[in-house]
1. Filter the stretch 195-237 down to the residues that are in contact (Cβ under 8 Å) with a residue 12 or more places away in the chain, surrounded by fewer than 15 Cβ atoms within 10 Å (Cβ to Cβ) and part of a helix (DSSP H, G or I) and list them by number.
2. Looking at R273, R295, R249, which is the one that is in contact (Cβ under 8 Å) with a residue 40 or more places away in the chain, part of a helix (DSSP H, G or I), assigned by TED's automatic domain parsing to the domain that holds T329 and over 13 Å from the mean Cα position of the chain (by Cα)?
3. Can you name the strands (runs of 3 or more DSSP E) wholly within the stretch 1-119 that have at least 2 residues being over 20 Å from L294 (Cβ atoms) and among the charged types (D, E, K, R)?
4. From the list D332, D267, D243, which one is in contact with a strand residue (DSSP E or B) (Cβ under 8 Å, 6 or more places away or on another chain), among the acidic types (D, E) and farther than 30 Å from S373 by Cα?
5. Only one of I207, I222 is within 28 Å of R150 (Cα to Cα) and in contact with a Pro (Cβ under 7 Å, 6 or more places away or on another chain). Can you tell me which?
6. Quick one: which residue in T328, T355, T263 is within 26 Å of R238 (Cα to Cα) and among the polar types (S, T, N, Q)?
7. What number of residues in the stretch 252-270 are touching a Lys or Arg at 6+ places or on another chain (Cβ under 8 Å) and not in a loop (DSSP other than H, G, I, E, B)?
8. From the list L71, L109, L115, L66, which one is crowded, with 16+ Cβ neighbours inside 10 Å, under 19 Å from L392 (Cβ atoms), in contact with a helix residue (DSSP H, G or I) (Cβ under 7 Å, 6 or more places away or on another chain) and modelled with pLDDT under 95?
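The values are calculated or read from the model by the stated rules, or taken from the named source; none is laboratory data. Everything quoted here is computed from the prediction, not taken from an experiment. Cβ: placed from backbone, ideal geometry, glycine included. Neighbour counts: every protein chain shown.
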Amino acid sequence: MRIVRFSIYLLRLPLRHEIKHASAARSDSVNVLIACDLADGTRGWGEGVPRSYVTGETPVGVVEQLRATDLAAQWSDDCESWPDVIAMCDRFAPAAVREDPRGCYGNALRCAVELSVLDAFGQRFGEPVSRVTAHLASAANIATTLSTVRYSGAVTAASPRREATSAVKMRLYGFRDCKVKVAVGGDEAARLRRLRRWLGGRMVIRIDANEGWSADVAAKQIESLARYGIASVEQPVRHEEVDALAEIRKQVATPIMLDESLTGMQDAEQAVRTQTCDLFNIRLSKCGGYLHSLRLAAYAHQSGLGYQLGCHPGESPILSAAGRHWATTVRDVRFLEGSYDRHLLTRLLTHEDITFGYGGRAAALTRPGLGVSVDAKALRDLAEPQSVVEVL
């Protein structure tokens with residue numbers, strides 16, 4: 001079975017409330033949606049979330065890069081099995097349209113295209129995308145099968161009253177862990193002390209600085225917050241200063257997680273070489289898709305590092321479903337983010353609602369492909385005007 005067409009859409013997804021952290025603030029998310037059509041009429045969907053401050057990509061830039069890529073030459077295989085599909089996905093090389101020293105420009109595009117292909121062929125084979133994990137040899141040492149997973153909550157920068165409301169809701173809703181955005185100004189220690197009180201002593205709290213501190217003050221900032229029982233600190237410094245984390249790790253007991261400085265295998269190998277972190281924050285869109293993310297988790301595991309599966313605020317249920325398939329087939333995921341759909345988006349793109357339930361619990365998806373179907377009316381309403389482009 002062959003691919004006959006790719007189509008690309010730009011979607012503007014309004015958020016229920018503004019998401020604010022040290023690197024950005026947004027009240028909506030402009031995402032890239034790809035449709036992959038097979039010769040028998042099967043249609044698969046994939047999504048990427050370009051973030052210019054992470055991989056350098058923009059939504060318009062993704063469209064331009066896709067148009068510049070010779071898709072016909074790269075997606076012409078006749079695939080009859082998952083190994084066939086994986087081999088074809090691995091050969092995908094988006095056009096080099098700019099300098100890319102870290103090898104991450106095009107990751108959101110790669111993710112969207114790859115997921116659309118996996119979804120389409122999963123439907124064709126009558127199997128869920130989660131089956132891919134077992135077929136990827138490099139990920140065999142981390143493969144598992146879980147019937148349920150638990151997502152974490154998040155407290156973003158907001159007024160004390162709104163933060164209190166958010167924290168109490170998470171506590172009452174039964175979450176066992178949450179992320180708190182820090183490095184947003186003001187008395188951070190007093191803020192975290194309040195949040196610890198509202199969240200309760202049992203809540204596992206990790207903090208995310210989003211590159212908000214300079215290398216010369218990061219250790220002091222981390223130590224000032226460590227007394228409130230934090231499980232990890234995510235991306236305390238800008239990527240340009242990431243090498244300083246090797247020394248900062250010697251000064252603090254709190255495990256350090258890379259996010260903006262972890263976009264692919266090149267970053268991962270550099271992190272292991274320079275000993276700048278204890279954990280990877282893997283995001284499907286940021287890291288170039290399902291397959292690349294599996295390989296990053298396998299590499300972290302063999303290097304003695306931990307990892308979590310993160311998400312970008314504003315992901316639609318397409319990426320939420322992909323993350324669910326990934327999380328239910330990868331063992332030792334330290335923390336899990338995503339599937340905030342109904343809680344964060346004003347409108348769902350799919351007929352299915354796969355938002356997590358009480359305590360962040362969510363069941364594995366077992367239907368063929370990603371297991372969700374796009375609502376045609378929602379797609380028409382959310383797609384940016386003149387954004388639909390057929391490229392193959």
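1. Result: E223, S224.
2. Only one candidate qualifies: R295.
3. Ranges flagged: 3-20, 25-38.
4. That would be D267, the only listed residue that is in contact with a strand residue (DSSP E or B) (Cβ under 8 Å, 6 or more places away or on another chain), among the acidic types (D, E) and farther than 30 Å from S373 by Cα.
5. Criteria check complete, one pass: I222.
6. When all the criteria are applied, what remains is T263.
7. 5
8. After ruling out the rest, the residue left standing is L66.
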